[in-house]
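Undergrad: One structure is given below, represented as structure tokens, and several questions about it will come after.
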Amino acid sequence: MKIAVVHDYFTQIGGAEQVAAALMQMLPGAALHATVSLPECVPAGLAGVPVTTSWMQKLPGMRDYYRFYFLLYPLAVPSLDLSGYDLVLSSSSGYAKGVHTNRDAIHVCYCHTPMRWAWNFESYSAREEMGAAKQLLLSHLIRGLRHWDVGASRQPDHFIANSQTVAARILRVYGRFAEVIYPPIDLGRFRPSQEQKDYYIVLARLVSYKRIDLAVEACTMLGRRLLVIGDGPDRARLKAKAGPTVSFLGRLSDGEVEYYAARCRALIFPGEEDFGMAPLEIAAAGRPTIAYRGGGAVETVVDGVTGIFFDRQDPGDLADAITRFERIEWSPAVLRHHAEKFGADVFQAKLCAFLGKVGAPVPQTAFHPFNEIPRTAVASLALAPVQEGITA
């Protein structure tokens, strides 16, 4: 059986890229395709793996302006030659699901979310504070992109969603049902520490929809020490809101991220994410999460056991949650055990079972343990260039 993995684009390193790497590591004979691949944005787990790209790879200024080419990706995806493949696995939060395959091939889309910047354009444009003319122009273009996206959603034979939240979106937007298989957490990256320190952390790309402003304002209000790990276009705005107890550490090495994660009081996770690996990675380090009650966090954080929730995206509501959090004792062993339920062995088993169910059995010999995958060069969701929305 000839297998291809198709990823939207390697223009950042985040959760979706880690899933693409996991698929390739588990299927070492598969061919990897993407519309664009910037070498510095390919996860270390894909080091040495050739990536077949589209004609977009040669466009001028791709490294700096890939976001502004957003209308070209729908034209580039069909140009990827997938003839001769029996199984195509697309890893998509945007365009890869629209690839054309042979009539007899089985196409399974692992969907990280329906195209966020198209279907949530109103929220994006409000946060980016666009001018009226720009917003009007983009709104017309986005309508066309939505039409293409719905058409592209008919290409896969089967959908897998990374969370119940995303499965509900797929049903609402595309009218398609999706099996839920949670993405794999690299449990070997994080370990609990006996040493605990008095600070909270944020581990994220600094883009507006992640609502890091709530963490900055709440910790400033309470005088709590907050370490913001990650970078992005929202950094200057966030620093303007920050008091003296908030530090912006930027992009850090793996070792530095693991050090701070294992010793923090908690991760603050204030945005509404599709899934959000960070709370589980922090749990693997034996530390809890203070999360907004929305999106994938409601599936990965157990209230009062592995973290607590706040219900309104308001600095005061988050500050109240931090105060409540500090009255609770947390068990690193319980947190670690919870994270292990999302390990790569679970992901492998469920993916194998699903492929067998849809008539695409993959020999077990094609898979090998996740602990053989090279450690990622950067922390997922925090240490990469930004590819969120079309205007960032």
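Undergrad: Give me a count of the residues in region 56-70 that are loosely packed, with under 13 Cβ neighbours inside 10 Å and in contact (Cβ under 8 Å) with a residue 24 or more places away in the chain.
TA: Final tally of qualifying residues: 1.
Undergrad: Do we find that residue 387 is at pLDDT 85 or above, buried (at least 18 other Cβ atoms within 10 Å of the Cβ), not assigned by TED's automatic domain parsing to the domain that holds residue 223 and not acidic (Asp, Glu) in this structure?
TA: When the stated conditions are applied, residue 387 does not pass them.
Undergrad: Name, by its number, the condition in (1) in contact with a helix residue (DSSP H, G or I) (Cβ under 6 Å, 6 or more places away or on another chain); (2) crowded, with 23+ Cβ neighbours inside 10 Å that does not hold for residue 281.
TA: Checking residue 281 against (1) in contact with a helix residue (DSSP H, G or I) (Cβ under 6 Å, 6 or more places away or on another chain); (2) crowded, with 23+ Cβ neighbours inside 10 Å, the one that fails is (1).
Undergrad: Then there is this: Can you tell which of 282, 308 is within 21 Å of the chain's Cα centre (by Cα) and hydrophobic (A, V, I, L, M, F, W, C)?
TA: Of 282, 308, the one residue that is within 21 Å of the chain's Cα centre (by Cα) and hydrophobic (A, V, I, L, M, F, W, C) is 282.
Undergrad: Restricting to region 119-171, and then to whatever is of a type in the set (Asp, Glu) and in a helix (DSSP H, G or I), can you tell me which residue is modelled with the highest pLDDT?
TA: Taking the candidates together, the pick is 149.
Residue-by-condition table, conditions (1) touching a residue at least 24 places away in the same chain (Cβ under 8 Å); (2) buried (at least 22 other Cβ atoms within 10 Å of the Cβ):
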site	(1), (2)
163	yes, yes
175	no, no
185	yes, yes
188	yes, no
191	yes, no
195	yes, no
199	yes, no
213	yes, no
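Undergrad: Okay, moving on. Please find, within region 172-205, the residue that is modelled with the lowest pLDDT out of those that are closer than 25 Å to residue 271 by Cα and small (Gly, Ala, Ser).
TA: Out of the qualifying residues, it is 204.
Undergrad: Continuing with this model, one more query. Being over 19 Å from residue 264 (Cα atoms) and either in a loop (DSSP other than H, G, I, E, B) or of a type in the set (Lys, Arg) (or both) is the filter here, so list the residues in region 291-344 that pass it.
TA: Matches in region 291-344: 293, 294, 295, 296, 311, 312, 313, 314, 341, 342.
Yes or no, residue by residue, for (1) free of Cβ contacts under 8 Å to residues at least 60 places away in the same chain; (2) in a helix (DSSP H, G or I); (3) of a type outside the set (Phe, Trp, Tyr):
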site	(1), (2), (3)
236	yes, yes, yes
249	yes, no, yes
258	no, yes, yes
271	no, no, yes
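Undergrad: For region 86-107, give me each residue that is aliphatic (A, V, I, L, M), in contact (Cβ under 8 Å) with a residue 24 or more places away in the chain and part of a loop (DSSP other than H, G, I, E, B).
TA: 99
The values are calculated or read from the model by the stated rules, or taken from the named source; none is laboratory data. Everything numeric here is computed off the predicted structure, so don't read it as measured data. No Cβ is skipped: glycine too gets one built from the backbone with ideal geometry, and neighbour counts run over all protein chains shown.
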